[in-house]
């Protein structure tokens, strides 16, 4: 009986509404403290078809993804929408970060396009920031909470580092000397935009299983 009770205590499910293996890995690492959660991802629901990300802001897209997955699959769901913002490029790539060079573009394709657009920028115009919105939705598809956080830094003129994903090889956080692609994963996960956003929602997550 005691064993069954322990299973029940750990059976609270929360879904990371993403198929991006890099995001899932980061969020799983950050959520390790919640041993009472059974953390799922969209890879656990191969027949599920995610909605189109039609929002004009990270908040809107995060909300679309979280509420749709929560309602369709009947679980608590969190969804991240994030990207790189370069003020001197009128905020590009912004919400189009993952598909900056086209619908089927690779991370490398996106970085090449960004580097091409930045080639005539001076150092002062290379300031940039990552923005992340995380939405939490209840099993009936209602938005429960949404938060946003930024990570400020600057962009290099050439890639450095073999880790990370997306624009990580180009981005250096202020007060650091290594790109996100050069930093150890454990360090990046302590200082990134995604970690900052998740920290804002942790108390709410803790309350779900109480």
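Throughout, read-outs are computed from the coordinates displayed, never taken from laboratory work. Since this is a predicted model, take the numbers as computed values, not measurements. Positions of Cβ are generated from backbone atoms using ideal geometry, with glycine treated the same way; all protein chains shown enter the neighbour counts.
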Exercise. If each residue's Cβ is checked for other Cβ atoms within 10 Å, how do 193, 22, 174, 68 rank with the fewest at the top?
Worked result: 174, 22, 68, 193
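Okay, helix-only estimate at 222 nm for the chain: each DSSP H run of n ≥ 4 adds -39500 (n - 2.57), divide by all residues, round to 500 deg cm²/dmol; what do you get?
-10000 deg cm²/dmol
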Exercise. In whole Å, how far is the Cα centre of the stretch 154-206 from that of the stretch 47-91?
Worked result: 20 Å
Problem set entry | Ranked 170, 205, criterion: other C-beta atoms within 10 Å, fewest first | 205, 170
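Please report, to one decimal in angstroms, the Kirkwood hydrodynamic radius of the chain built from all distinct Cα-Cα pairs.
So the Kirkwood estimate lands at 17.9 Å.
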Problem set entry | Ranked 117, 108, 30, criterion: other C-beta atoms within 10 Å, fewest first | 108, 117, 30
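On full extension of the chain, what length is gained from residue 124 through residue 72, given 0.36 nm per residue of separation minus the C-alpha to C-alpha distance?
Result: 14.1 nm gained on full extension.
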Problem set entry | GNM flexibility winner over the chain from 42, 121, 27 (Cα, springs under 10 Å) | 121
Problem set entry | Among 140, 150, 122, residue whose mean-square fluctuation peaks in a GNM of the chain (springs only between Cα atoms under 10 Å) | 122
For this session: Using a Gaussian network model of the chain whose springs link C-alpha atoms within less than 10 Å, name the residue from 45, 34, 180 with the highest mean-square fluctuation.
Result: 45
